[in-house]
Amino acid sequence: MWRDAWLVASRDLRIEARSRVVLWQVVPFAVLALLLFAFAFGPQRERLVTAAPGLFWLALLFSTVLFAQRARALEGSPATREATRLLGLDPAGVFIGKAVALFLELVILEVLLLVGILLLFHVVVLSWGILVASLLLAALGLSSASVLYGALSGEAQMRATLLPVLLLPIVAPVLIAGVRAFQAAVNAGGALGGRWLGVLAVFGVVYSALGIALYGPLEEN
Amino acid sequence: MSYVIAGYTITLVTLGAYTLSLIVRLRKMRALGRKNKS
Amino acid sequence: MRRTVLRLLGPIALVLVIADVIMGLFVTPPDVVQGEIVRLVYIHPALAWVALYVAFGMAALCSVLYLWPRTRSMTFDYLAAAAVEVGVVFTILTLITGSIWGRTTWGVWWTWDARLTSTALLAVMFMGYLALRRVPADPHVRARRCAVVALFAAVDVPIVHFSVIWWQTLHQGATVLNSNLSPTIHGSMAWTLLLSFVAFTAAYAWMVIARYRIEVIRHSGDTQELDAAVEARKAEGVAL
């Protein structure tokens, strides 16, 4: 299983490195989201500072939908299907591989978005530990849920409109917890942040487990 | 009080409409089923 | 015996609901504190109960039963689908009646309290399930996908619920909005409240059975239609 995971992860990442879809499409989208939010809420500094945590996570969630679409699209090409079947890859391994690749891409996006938020929205973070932990835990849950829902959404035609409707309600807790954790990091509220990190952790663990268990049955046709 | 009436009315009308739609759909399905069999 | 019970369920449910309405609107007294507004307690909580626990619980349970290899059967898929569709109706009604109650009590059509927010999110998840159901696919594939969605929603709802409660209370501090306004219940009010739960549960039961039957008939028919759908889906896959 782990070998298959490594295989799939490196494949997905290599595809990304070559095609650079994330770099040229998802990142600009995320940055664009930040700009649009600034137009909507700004230009007064106070409002932006207050809204910043929420806007960060919103931009991240919407970008995650794009990631989920992308991850699914990678599996859908006939060549990939053929290869997967021939190699007899363990579905759980495929899931882990895809989720890991997506996790890394998400973390990169989080860093970029964070830099954007800190610079553009004048946010000062006091408790970096909480913030980093929240970003990592959230990325875990989001990547697992994305790969899983990507598998659910089936064929291309329906996927574009259906995937957001299915995925976003499910990741609402990540939004709530993430924003609160960010606020706790800004206000150095240790105990409060801890509780929200707990929510993110539960979400991450649950969806990783569900993914490993259900990805196989979902993908078999 | 009018709000209360509104609430009751909306509930009854909605449930009633849905019930009717179910009955109509069921009848239609059964008619089709009978047609296919013969 | 069973057929008789099922046949009678519809009329019985109807009678119970009408009885609830009459009791609620005319027979029971107005509340000391809330006045006439309390009459909403004879529909809103029961609707919420059916939507959030009965319908959703049934959908989740049937989905698990479908996914579990030993109990896998299309029956559970059809039951789950029926439960979700009826559940959506009840959920939307819960939100509407809850909103009306909020308007009369707090003067606003909506508040972001835990219950309403979680219910709204549940409504969206239900609708996502129904949207997924309409995607043409092999019945077993579709059943599997929908079951997974229902299962995830079931797993997620507790997480959402607690998150929203903490989101609400930790943020609001002093003002804890409680949508569960409990009037002083006594006598006819208590009985009518109980009646409402029974009545709406019976109505739900009838609706689910009817919807289930529709689903069964719909799928017992043409294999031609099915084959065409499978071919179409395969074509889509190749196109990608």
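Values quoted throughout were computed directly from the atomic coordinates according to the rules given, and no laboratory measurement underlies them. Here the structure is a predicted model, which means the values were calculated and not measured. Because the Cβ atoms are built from the backbone with ideal geometry, glycine has one as well, and the counts that use them run over all protein chains shown.
Dipole size of region A:2-219 about its Cα centre, with +1 on Lys/Arg Cβ and -1 on Asp/Glu Cβ: approximately 180 debye, rounded to the nearest 20. Taking only Cα atoms and a 10 Å spring cutoff, compute GNM fluctuations for chain A and point out the largest among A:24, A:128, A:57. Largest GNM mean-square fluctuation: A:24. Selection among A:172, A:60, A:216 by position relative to the dipole of region A:2-219 gives A:60 as farthest towards the positive end (Cβ unit charges, Cα centre).
Reported to the nearest whole Å, the Cα centre-to-centre distance from region A:99-169 to region C:74-121 is 28.
Once the C-beta distance of residue B:17 and residue A:209 is scaled by a Förster radius of 41 Å, the resulting FRET efficiency is 0.45 to the nearest 0.05. Residue order for C:53, C:204, B:8, fewest other beta carbons within 10 angstrom first, comes to C:53, B:8, C:204. This ranking places A:212, C:22 by how few other beta-carbon atoms lie within 10 Å of each, fewest first, which gives C:22, A:212. By the Stokes-Einstein formula, at 1.567 mPa s and 4 °C, region A:1-130 with its Kirkwood radius over alpha-carbon pairs has D equal to 80 µm²/s.
Residues considered: A:74, A:175, A:113. Largest GNM mean-square fluctuation over chain A, using C-alpha springs under 10 Å, is found at A:74.
Relative to the Cα centre, the charge distribution of region C:23-115, modelled as +1 at Lys and Arg Cβ and -1 at Asp and Glu Cβ, gives a dipole magnitude of about 200 debye. From least to most packed, judged by other beta carbons within 10 angstrom and beginning with the fewest, B:1, C:58 follow the order B:1, C:58.
Its Cα gyration tensor gives region A:1-55 an equivalent ellipsoid. The semi-axes, each the square root of 5 times an eigenvalue, are 37, 14, 5 Å from largest down.
Think of chain A as having a plus end and a minus end, set by charges on the Cβ of Lys, Arg, Asp and Glu; of A:197, A:51, A:163, A:51 sits farthest toward the positive end of this dipole. Our estimate of slack between residue C:36 and residue C:165, defined as 0.36 nm per intervening residue step minus the Cα-Cα distance, is 43.5 nm. With the alpha-carbon atoms of the protein assembly as shown aligned to their principal axes, the span from lowest to highest coordinate is 70, 66, 37 Å, starting with the largest.
Note on residue A:79 and residue C:6: the model spin-label points, each 7 Å out from Cα along the C-beta direction, lie 5.4 nm apart.
For chain A, the relative contact order works out to 28 percent when only alpha carbon pairs closer than 8 Å and six or more residues apart are counted. Simple spin-label estimate for residue C:27 and residue A:132 gives 6.7 nm between the two label positions (7 Å along the Cα-to-Cβ direction from each Cα). Stretching residue A:19 away from residue A:2 to a fully extended chain increases their span by 3.6 nm, per 0.36 nm per residue minus the current alpha-carbon distance.
Considering only the Cα atoms of region A:122-221, their convex hull presents on average a projected area of 7.1 nm².
The Cα-based radius of gyration of region C:56-159, divided by its Kirkwood radius, gives an Rg/Rh of 1.07.
Between the residues C:88, C:74, C:42, the greatest Cα displacement towards the positive end of the dipole of region C:1-97, with unit charges on the Cβ of Lys, Arg, Asp and Glu, is found for C:74.
Note on the protein assembly as shown: with charges restricted to the Cβ of Lys and Arg (+1) and Asp and Glu (-1), its dipole about the Cα centre is near 1160 debye. Label-to-label distance, residue A:39 versus residue C:109, with points set 7 angstrom from Cα along the beta-carbon direction: 2.7 nm.
Note that region A:2-219 shows a convex hull volume over its alpha carbon atoms of 111 Å³ per residue. Which residues in region C:134-153 place their backbone N less than 12 Å from a point set 7 Å from the Cα of residue C:74 along the Cα-to-Cβ direction? Answer for region C:134-153: C:138-143.
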